[in-house]
Every structure is written in C-alpha cells, then in structure tokens.
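Here is the structure we will look at, set down as structure tokens.
Throughout, read-outs are computed from the coordinates displayed, never taken from laboratory work. Since the model is a prediction, treat every value here as computed from it, not as a measurement. Cβ placement follows ideal geometry from the backbone for every residue including glycine, while neighbour counts extend to all protein chains displayed.
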Amino acid sequence: MADNKQTETLATALNAKLEKSKGLVFAICGIVVALILIIAVVATVKSKSTEKGIEQIDSISYALTKDAADLSEDDVLARENTALEQLAPLSAKGGIVGLRANMLIAELKFAQKNYSEARSAWLKAISAKKSAYTTPLCYFNAAVCSEEMNDTDNAIAYYEAASGDEDFLLIDHALFSLGRVNESAQNYDAAKAAYEKLVELRATSNWGQLAKTRLIAMKTAGNIQ
C-alpha cells in the first residue's frame, strides 16, 4: 500500500515537472522554427541578389561587345571605362558575383595595359570565391601581370600557385612558365623541378617537349646535374 502511494507521488511530481517544462519545450520549438524561417528568407534574398548581380554583369558584358567592331579606339575606351564604373560596386561582393565582376575588370584593365590593377582584380576574384574552379586561372593571369611589371618574385609565386592544381587545363603552360621565370632568375634547381614535373605530367604536350629541351640545355650549360 505504501509502495503504491510512493509510486503515485513520484508520478504526480514527474507530471508536474513535465507540465512546467512544456512551456520551455514549446519556446525552444518556436525559436527553431523562427530560425528556419529566417534562414529560408536569407537564402531566398541571397539567391535573388546573386541572380540580379549576374544579370547586371551579363548586361555590362553585352554592352561592351555589342557592335564593338564598328567603334573607334576612343569609343571603345569610353565604353570600357563605363563598364568599369558599373562593375565597381559588384566587385565588392562575395561569391560568384564578385568573382565574375573582378574577372571582367581584370580583363579590361589588362587590355588597357594597367597591369597593376589587373593583377589586383585577379586576386580579388580569388578572394571572392576561393573554392571556384577559376582560381588557378586567376593565379596564372596574376603571374602574367607580374611578369609585365617585371615583378619576378610574385610571378614565380603565382605561377607556382596556378600549377599546384593538377586539374588546371593550362597546367603545362603554368609549369613551363614557372620553370622559365625561375631559370631567368638563375633559380636553376627550382626551374629544374618545374620542368621535370611538367615532363612527368604532360610529356607529350608542346610545353612538355619544350621543357625537355630546357632541361637538356641547362645540363649542357652546367646549371643542373
């Protein structure tokens, strides 16, 4: 009899606690639902913002190329400068919008032979979306800009970064350029390593064949073993 009363007392106490905790459980559930709704809204807004940004870039790109063959050099330059002004706010964004905006800016600046700003734009494109498949291409182009500026150290660094991705379509060109710039800087061991990696990966490509000739020339000159 005492055991039954004790059981009933425990059950009553447990029910009381559960009743008290219902409010907390419902509050937590309400917070979770609210967070899910907020995340959904943010994702929708972000998606629409991205879509709008891409549309703007496509529009700018189209305006650049429309009937371009019929324009004078001054008109082409004016059109490019207009595009650069329109791209400026988009280049500050992250993700695909910032990536594409900065890549287009880089192309325009390079065409204008403004290699310093072109390089900066290529690097900003990388920062906008670091995991993008375009990252090695941006590094490669940043290296080209560095060479145009006679900045050998950064040219080497960026060619090395570009050639670090073996899936990069221009890896053979990047590796040859890495070897060539190192060779010009008399970094012969580094040049040898780049050429040998190129031969290992793409021995039959044109760049691979050129790498073989450079290795032979360097050995003949006594620069490498």
PRE zone check, label point 7 Å out along Cα-to-Cβ of Ser184, amide N under 18 Å, scope segment 202-225, hits 207, 210-211, 214-215, 218
Rounded to whole angstrom, the alpha-carbon centroid of segment 155-225 lies from that of segment 103-117 at a distance of 26
Hull volume per residue for segment 80-225, using the convex hull of the C-alpha atoms, in Å³ is 97
With a Förster distance of 30 angstrom and the Cβ-Cβ distance between Tyr133 and Leu77, calculated FRET efficiency to the nearest 0.05 equals 0.40
Note, segment 66-77: 3J(HN,Hα) by Karplus (6.51, -1.76, 1.60, θ = phi - 60°), whole Hz, Gly/Pro = x, goes 5, 6, 5, 5, 8, 8, 7, 4, 5, 5, 4, 4
Normalised per residue, the volume inside the convex hull of the alpha-carbon atoms of segment 108-172 in Å³ amounts to 80
Here segment 156-170 yields Karplus 3J(HN,Hα) values (6.51, -1.76, 1.60; θ = phi - 60°; whole Hz; Gly and Pro given as x) of 5, 4, 6, 5, 5, 5, 5, 7, x, 9, 5, 8, 5, 4, 9
